[in-house]
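Input: a single structure, listed below in structure tokens.
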Ligand SMILES: Nc1ncnc2c1ncn2[C@@H]1O[C@H](COP(=O)(O)OP(=O)(O)OP(=O)(O)O)[C@@H](O)[C@H]1O
Ligand SMILES: [Mg+2]
């Protein structure tokens, strides 16, 4: 079965072809980051217009690269939500129109299910059940995953997502948009011993987290430094980045370990953009070897939004997805409401 996947929920247009026998055969991506940088954040109307420009050429690129034709495609998967309404409509319309024209099934995919299952695109594949740490720009959740569609939220952030905290903190440190990945790179040359920032809810009895206070703590630290020494220099900024990253990583690792203990699970799967963070991966790898559990990540290029995870989730759901009657988008959509396989 060959599935074409289309992702257009936010600021990345992703198209991919996943073959249930051969695996991922092509994926192409266009990121709108440079376009939105001028505004310091995603401008929804510009995002929708850009998706319209990109989606067909990206589809053609996937076909040209593989020598496949549209008529070889058996089903089309697209992100139905959650995300920006106008942006979602682009992928939704294209997917439904193509599927109608080709007379093949169309599969509406939940964006977070795409992220959640993306580690299954790497080898070795984690077997079900597993604990998932979903850490993206909009979500931070710990989930027990018993199978496709069997998702149980065990804990989540009460305010900012981890990726959002990275981005907002980068902005207040004067790092160009989108700053999360740059902040993490600068943190690598920072001194972990110079500053200590709070670890919000580190020892709370539940599996919830909170990251919005951390950015306020960074702001207070920046003001203190400026009052003492004038404008912060590069070394100080890097040390602050490091202190911030140390705090986030410690919270994410400790809560994950607690969830593993609580559920008795032996496999941890990390998904979403913050899953690309090197310090988080190192800390989790170390904990895994000490505590005897296995940890799985998506391929680095598939941590942030992409069409491959949508094609893959579509292929997983193909067997039992119901043909969509008409089409609609779901800018807000609860993952727990998905039907189980
Ligand atoms: N190396 C890194 N370290 C920390 N954060 C990172 C790194 N690389 C990317 N990010 C963060 O990942 C986020 C983007 O990830 P992703 O594309 O999964 O999220 P999203 O699609 O915006 O949100 P959602 O999927 O929840 O709707 C951004 O917030 C970015 O700062
Ligand atoms: Mg995403």
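Laboratory data are not the source of any read-out in this text; all were calculated from the coordinates shown. Just so we're clear, the structure is a prediction, and the values are computed from it rather than from any experiment. Note: ideal-geometry Cβ built from the backbone for every residue, glycine included; neighbour counts use all protein chains shown.
Note on residue 72 and residue 286: the model spin-label points, each 7 Å out from Cα along the C-beta direction, lie 4.6 nm apart. In degrees, nearest 10, range 0 to 90: what is the angle between the Cα axis of helix 234-263 and the longest Cα principal axis of the chain? In the chain, helix 234-263 runs at an angle near 60 degrees to the longest axis. Normalised by the number of residues in the chain, the average gap of Cα pairs under 8 Å and 6 or more apart makes the relative contact order 26 percent. Working from label points 7 Å from Cα in the Cα-to-Cβ sense, the residue 97 to residue 301 distance is 2.8 nm. The stretch between residue 53 and residue 65 holds 2.4 nm of extra length on full extension. This uses 0.36 nm per residue minus the Cα-Cα distance. What angle do you read, to the nearest 10 degrees and between 0 and 90, between the alpha-carbon axis of helix 307-317 and the longest principal axis of the chain? The helix 307-317 is inclined about 60 degrees to the chain.
Ordered by the number of other Cβ atoms lying within 10 Å of each residue's own Cβ, fewest first, 297, 177, 18, 78 fall into the sequence 177, 297, 18, 78.
Quick one: of the DSSP bridges fully inside the chain, what percent are antiparallel, nearest 5? Of the beta bridges lying entirely in the chain, close to 60 percent run antiparallel. Once C-alpha pairs closer than 8 Å and six or more residues apart are averaged by separation and normalised to the residue number of the stretch 255-341, the relative contact order reads 27 percent.
Report, in degrees rounded to the nearest 10, the 0 to 90 angle that the Cα long axis of helix 212-229 makes with the longest principal axis of the chain. Around 40 degrees separate the two axes. Can you tell me, using C-alpha contacts under 8 Å and at least 6 residues apart, the relative contact order of the stretch 127-297 as a whole percent? Averaging sequence separation for qualifying contacts and normalising by length gives 27 percent for the stretch 127-297. Using the Cβ-Cβ distance between residue 337 and residue 37 with R0 set to 51 Å, the FRET efficiency from 1/(1 + (r/R0)^6) comes to roughly 0.90.
Using the Cβ-Cβ distance between residue 319 and residue 224 with R0 set to 56 Å, the FRET efficiency from 1/(1 + (r/R0)^6) comes to roughly 0.45.
A P(r) calculated from all alpha carbon pairs of the chain, with 20 Å bins opening at zero, reads 31, 55, 13, 0 percent. The helix-only estimate of mean residue ellipticity at 222 nm for the chain, built from DSSP H runs of length n ≥ 4 each weighted as -39500 (n - 2.57), is -14000 deg cm²/dmol after division by the residue total. Model label points for residue 328 and residue 263, set 7 angstrom from Cα along the Cα-to-Cβ axis, are 3.0 nm apart. Listed by Cβ neighbour count within 10 Å, with the fewest neighbours leading, 309, 33 appear as 33, 309.
Over the stretch 127-297, the Kirkwood radius and the radius of gyration, each from Cα atoms, give a ratio Rg/Rh of 1.00.
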